[in-house]
Amino acid sequence: MSLQNYRATERHFWRSIAQDVITVSDRAECYLTPLPVPVFNYIYLQAGADSNEFSLAQQPFMPHHKPHCLVAEKSAAETLHPQIMAAGYEADGETSAMHLSVDAWQPSSVLPAGYEIREVNDQLSLWAEPLEAAFPAREDDEEAPDFSIVSDYISYHQRAMANGTELHHAVLLCQGKPVSCITLSLSEYGARIDDLGTVPAYQGKGCATLLLDYALTLCRTRGIRDCYLEASSEGLSLYQKLGFRTLFNYLFYVKG
């Protein structure tokens, strides 16, 4: 059941955020936004996906050579490796689909003096500030985030909430300055964590743990027993310390 609910919470979040969703089959789905960057446009392939499903999933991205990511369950990626390489994708690491039993979790952090956690569904510009590290820079300034993309991403979250998706956007403030952020989506299938980001100067200081404890406390208050997320290799140890366990692995590719 955890595996099925992981995929259900994954679909629930991306379907609410994406402008267009194309379901090829139960094993292949596409999520598209107008943004011309890979991290907001996805193909997801699940175990058992075949070459025909992969070919059909690529078609929505072809007319304008739209940049996108391919996230393939590891066994599917290994089976389709020749086709993936032939299609021009570049390998970009591995991620882990993870599950936590909220009943077994215990908070592991204490909010330090000078820090505050605030839910900011009505002030998403504050929530989005720490996300700058996750967005591509403008070509003329390697250090500057592309705020037009941030603004668009905010609008997708606002539209999702207006359409009835239950999203909780929280920000960690240090001396009033937003330094870390998180998104928690809730559905009948459980909870899912996304958009966990910390500004570079505050990374490694426990900010992500503070927000994860906040989100999981909210889950417990709401009676939600299962929480899911997709972790990069860099974040894996953090989630494992909190009790998250790997369900399966994805291989990650980028094109464009």
* **Residue list for region 5-33, restricted to those being open to solvent by 70 Å² or more (accessible area, probe 1.4 Å) and either in contact with a Ser or Thr (Cβ under 7 Å, 6 or more places away or on another chain) or in contact (Cβ under 8 Å) with a residue 24 or more places away in the chain (or both)** => 19, 20, 27
* Structure fact -> Exception for residue 103 within (1) acidic (Asp, Glu); (2) open to solvent by 80 Å² or more (accessible area, probe 1.4 Å); (3) modelled with pLDDT under 95 falls at (3)
* Please name all residue pairs, on different chains or six or more residues apart, with Cβ atoms under 8 Å, provided the first residue is in region 100-111 and is closer than 11 Å to residue 213 by Cα and the second residue is among the hydrophobic types (A, V, I, L, M, F, W, C) and in a loop (DSSP other than H, G, I, E, B). => 102/224
* Evaluate the following for residue 217: is it surrounded by fewer than 19 Cβ atoms within 10 Å (Cβ to Cβ) and either within 30 Å of residue 91 (Cβ to Cβ) or polar (S, T, N, Q) (or both)? => yes
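I'm checking my understanding of the structure. Among residues of region 34-59 that are closer than 16 Å to residue 254 by Cβ, of a type outside the set (A, V, I, L, M, F, W, C) and not in a strand (DSSP E or B), which one is most open to solvent (accessible area, probe 1.4 Å)?
36
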* Output the number of residues of region 154-168 satisfying the condition of being more than 21 Å from residue 223 (Cβ to Cβ) and open to solvent by less than 10 Å² (accessible area, probe 1.4 Å). => 2
* To do: Taking the residues in region 192-206 that are of a type outside the set (Gly, Ala, Ser) and not in a loop (DSSP other than H, G, I, E, B) as candidates, determine which candidate is most open to solvent (accessible area, probe 1.4 Å).
  => 200
* Asked: Looking at region 177-196, is at least one residue of a type in the set (Ser, Thr, Tyr), within 17 Å of residue 123 (Cα to Cα) and touching a Pro at 6+ places or on another chain (Cβ under 7 Å)?
  -> yes
* Search result, residues across region 97-124 that are under 16 Å from residue 182 (Cβ atoms) and assigned to a helix (DSSP H, G or I) -> 102, 124
* Does any residue in region 179-191 that is assigned to a strand (DSSP E or B) come within less than 7 Å, Cβ to Cβ, of a residue that is basic (Lys, Arg) and buried (at least 21 other Cβ atoms within 10 Å of the Cβ) six or more places away or on a different chain, and which pairs are these? -> 185/192
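The values are calculated or read from the model by the stated rules, or taken from the named source; none is laboratory data. If you're wondering where the values come from, they're calculated on a predicted model, not measured in any experiment. Here the Cβ is made from the backbone with ideal geometry for all residues, glycine too, and neighbour counts use every protein chain on show. Keep in mind that these areas ignore ligands, DNA and RNA; they rest on the heavy atoms of the full protein, side chains included. Shrake-Rupley method; radii C 1.70, N 1.55, O 1.52, S 1.80 Å.
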